[in-house]
């Protein structure tokens, strides 16, 4: 189930785990002040990256992982990109991620478009 961020007028911010169909339902404030007011969804907190293009949490890329033997070379070539001990690059912003892709020659694949599905005909119906 997804997490949704909620913010109260008293300043309390909390994450609530609930089904998608209940995503917009208000939550009650259970904060330290104990005000008990209804909290509203904090859509800005739910964004993957913030308006200044920095990711809310660092993005660890499995798809761009390199061999452990290449880590030293990578640190020389891209000193601003952190690498995990498993060889996964860690990105802190969208701009950093895009610049890395450009520098290394990787290209994002466009989203796959849905292939036209065959229409199922009923008995007696023609195509």
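The values are calculated or read from the model by the stated rules, or taken from the named source; none is laboratory data. This one's a predicted model, so the numbers in the text were calculated from it and none came from an experiment. Backbone-built Cβ (ideal geometry, glycine too); neighbour counts: all protein chains shown.
Among the residues of this structure, residue 121 does not count as one that is at pLDDT 85 or above and either in a loop (DSSP other than H, G, I, E, B) or at negative phi (or both). Could you check the stretch 59-80 and list, in sequence order, the residues that are outside any helix (DSSP H, G or I), without any contact (Cβ under 8 Å) to a residue 40 or more places away in the chain and surrounded by 13 or more Cβ atoms within 10 Å (Cβ to Cβ)? Matches in the stretch 59-80: 59, 60, 61, 65, 66, 78. Taking the stretch 35-66 as the region of interest, how many residues are over 25 Å from the mean Cα position of the chain (by Cα) and at pLDDT 85 or above? The qualifying residues number 2.
When the stretch 81-108 is filtered for residues that are part of a loop (DSSP other than H, G, I, E, B) and over 17 Å from the mean Cα position of the chain (by Cα), the ones remaining, listed by number, are 81, 84, 85, 86, 87, 105, 106, 107.
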